[in-house]
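> There's a structure below that I have some questions on.
Laboratory data are not the source of any read-out in this text; all were calculated from the coordinates shown. As the structure is a computational prediction, the values presented were derived from the model and not from experiment. Because the Cβ atoms are built from the backbone with ideal geometry, glycine has one as well, and the counts that use them run over all protein chains shown.
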Amino acid sequence: MATLPTAMADALLHRLGPAGFPTEPDALENFGRDWTRFTAPAPAGVALPASVEDVKAIIQLARDHGIAIVPSGGRTGLSGGAMAADGELVLSLARMNKILHVDPVNRSLTCEAGAVTAAIQAAASEQGLMYPVDFASSGSSQIGGNIATNAGGIQVIRYGMTRNWVTGLKVVTGTSELLDLNRGLVKNNTGLDLRHLMIGSEGILGIVVEATLALTKPPANPRVMVIGVPSMSAIMAILEHCQAELPVLAFEFFSDLALDKVIAQHGLPQPLQDRYPFYALVEFEEASADTDIQLAQLIERCMAAGWVEDAVLSHNESQRRALWRLREDISETIARWTPYKNDISTTVSNVPLLLERVESLVATHYADLEVVWYGHIGDGNLHLNILKPEDISVSAFQDRCKSVSEQLFTLLEDLGGSISAEHGVGLLKKDFLRFSRSEQEIALMRGIKRQFDPDGILNPGKVFDPM
Ligand code: MLT
Ligand code: ZN
């Protein structure tokens, strides 16, 4: 395993103490990886700053010694963006996790970058407010990582991505300078908005150290319905009708194989009496006392059209949570099959075409493998997970799936879609970036990277290779 230069290691220990500079192999392995399992972690060290000044000092040391830094949040990423596989220093924000201020007048919350998403949601909720970006990993993901990946999740259809909720950002760049961007302002038209350049930049331009987030009022009475459907195309017809008639908060889908794995793993009852090829999960705000009647009429019409086979509706909070588990537990449940994850998107109107083409690709290339479909279909975002059979090595499996990805991404390019809707590019998607971004765009991105990180020490080799 690579090690840090002695002078640098001594300086880090002196500044951060043993709690901020762990050296045990377990710590290196843990902090050196995210949720991807295609590369082995091999960092040279881990630094856990306790202040912005610490972050600046660590970056300066890395510059002085020519050591690459991998910024690390909750490490729940799925594209290898937080993988340290090449002797880098991991800079984890885990000790900088304070909620600094909740401000009901401005409806905002300011916190350090290592604050866990669920803690932010809880702090907002104590004031009768809500931070609406939510996903299954909210119990361990950190806001700095969410911002660096512009995390999406289950309510994007109503509330948008992380980008929509960041009103202030403090960032330390690759030259060890602190930027204080937008300072919580709602309106600020004063030139290029560097805050938005940082959001989704996957740690290649700077380290997020503090964020101010907008908050909103929680929905009045959220209810969930799980619908059994005969085909994926029926799901899109249901979506159109739900959006026209209900205040939709989430519109998700999953395949019967996904349901099968989740209920088997957790011993859950199946939601409907019979099983169907696919399921839509719709969450909506109960806007009026007529909602039940309105909903019954909507379902009847969808049944008559042949789009809906059966449906179940939550009547209380525990039923709502139980139905959500069927969707939210999929990712964790299938993790033991080391899935090859595709996180693709197109415009909602192009989804039927995308589904048709992807289904035919899957039938041709993955007929012998288990394929689990799910995703945020109301955003045009599909998660296509190919499960690894036991008798094939991880690398052979990855090679096989990567060759199919070329065809999948060509198909997406034709539809003007994206090869990474919400998981980011990281290591796993960088070879395919050209399918979603033009040569000119990538050249401009490289130029921007050089401005913020002239020595190329921040998360090198992620998103694109330097030139
Ligand atoms: C999800 O939608 O469950 C997450 O994006 C995680 C995943 O895709 O597995
Ligand atoms: Zn997702």
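> Restricting the range 124-163 to residues that are within 22 Å of residue 322 (Cβ to Cβ) and aliphatic (A, V, I, L, M), which is farthest from ligand 1 (Cβ to nearest atom)?
Ranking the candidates gives 130 first.
> Continuing with this model, one more query. Does the range 211-248 hold any residues that are crowded, with 21+ Cβ neighbours inside 10 Å and in contact with an Asp or Glu (Cβ under 6 Å, 6 or more places away or on another chain), and which are they?
223, 224, 228
> Please return the ranges of strands (runs of 3 or more DSSP E) entirely within the range 1-111 where 1 or more residues are touching a strand residue (DSSP E or B) at 6+ places or on another chain (Cβ under 9 Å) and more than 30 Å from residue 127 (Cα to Cα). Even if it seems obvious, please write down each step before you answer.
Working: elements: 45-47, 69-72, 89-92, 99-103.
In the range 1-111, 45-47, 69-72, 89-92 are the strands (runs of 3 or more DSSP E) which contain 1 or more residues that are touching a strand residue (DSSP E or B) at 6+ places or on another chain (Cβ under 9 Å) and more than 30 Å from residue 127 (Cα to Cα).
> Kindly indicate the residue of the range 427-462 that is hydrophobic (A, V, I, L, M, F, W, C) and in contact with a Gly (Cβ under 7 Å, 6 or more places away or on another chain) and also farthest from residue 59 (Cα to Cα) among those meeting that condition.
Per the criteria, the residue is 428.
> Residue check, residue 287 against (1) of a type in the set (A, V, I, L, M, F, W, C); (2) surrounded by 12 or more Cβ atoms within 10 Å (Cβ to Cβ); (3) over 17 Å from residue 220 (Cα atoms), all met but one. Which one?
Tallying (1) of a type in the set (A, V, I, L, M, F, W, C); (2) surrounded by 12 or more Cβ atoms within 10 Å (Cβ to Cβ); (3) over 17 Å from residue 220 (Cα atoms), residue 287 fails exactly one: (3).
> How many residues does the range 51-62 contain that are surrounded by fewer than 17 Cβ atoms within 10 Å (Cβ to Cβ) and in contact (Cβ under 8 Å) with a residue 12 or more places away in the chain?
Total meeting the criteria: 2.
> Hey, another quick one. Among the residues of the range 345-376 satisfying the criterion of being within 11 Å of ligand 1 (Cβ to nearest atom) and of a type outside the set (Phe, Trp, Tyr), which is farthest from residue 403 (Cα to Cα)?
376
> Still on this structure, I have one more. Can you tell me which residue within the range 385-420, out of those that are under 25 Å from residue 279 (Cα atoms) and buried (at least 21 other Cβ atoms within 10 Å of the Cβ), is farthest from ligand 2 (Cβ to nearest atom)?
Among them, the one singled out is 388.
> If I ask for residues that are surrounded by fewer than 17 Cβ atoms within 10 Å (Cβ to Cβ) and under 29 Å from residue 403 (Cα atoms), which ones from the range 314-332 would you list?
Selection gives 332 alone.
> What residue, among those in the range 421-456 that are crowded, with 20+ Cβ neighbours inside 10 Å and more than 25 Å from residue 383 (Cβ to Cβ), is nearest to ligand 1 (Cβ to nearest atom)?
Ranking the qualifying residues of the range 421-456, first place goes to 449.
> Give the residues of the range 366-375 that are more than 11 Å from ligand 2 (Cβ to nearest atom) and part of a strand (DSSP E or B), sorted by residue number.
Result: 371, 372, 373.
> Could you tell me whether any residue of the range 97-116 is within 16 Å of ligand 2 (Cβ to nearest atom) and either touching a helix residue (DSSP H, G or I) at 6+ places or on another chain (Cβ under 9 Å) or without any contact (Cβ under 8 Å) to a residue 12 or more places away in the chain (or both)?
Initially, the range 97-116 is screened for residues within 16 Å of ligand 2 (Cβ to nearest atom), giving none.
Within the range 97-116, not a single residue is within 16 Å of ligand 2 (Cβ to nearest atom) and either touching a helix residue (DSSP H, G or I) at 6+ places or on another chain (Cβ under 9 Å) or without any contact (Cβ under 8 Å) to a residue 12 or more places away in the chain (or both).
> Quick one: residue 378 ticks every box in (1) in contact with a Leu (Cβ under 9 Å, 6 or more places away or on another chain); (2) away from ligand 2 (no atom under 16 Å from the Cβ); (3) part of a helix (DSSP H, G or I) except a single one, so which number is it?
Residue 378 satisfies all of (1) in contact with a Leu (Cβ under 9 Å, 6 or more places away or on another chain); (2) away from ligand 2 (no atom under 16 Å from the Cβ); (3) part of a helix (DSSP H, G or I) except (2).
> Here's another thing I want to ask about it. Please specify each residue of the range 362-386 satisfying the condition of being of a type in the set (A, V, I, L, M, F, W, C), within 20 Å of the chain's Cα centre (by Cα) and under 12 Å from residue 340 (Cβ atoms).
Keep residues of the range 362-386 that are of a type in the set (A, V, I, L, M, F, W, C), which gives 362-363, 367, 369, 371-373, 377, 382, 384, 386.
Then keep just the ones that are within 20 Å of the chain's Cα centre (by Cα); that gives 372-373, 377, 382, 384, 386.
Matches in the range 362-386: 372, 384, 386.
> Oh, and also: Considering only residues of the range 381-413 that are in a helix (DSSP H, G or I) and under 30 Å from residue 282 (Cβ atoms), which is farthest from ligand 1 (Cβ to nearest atom)?
Out of the qualifying residues, it is 411.
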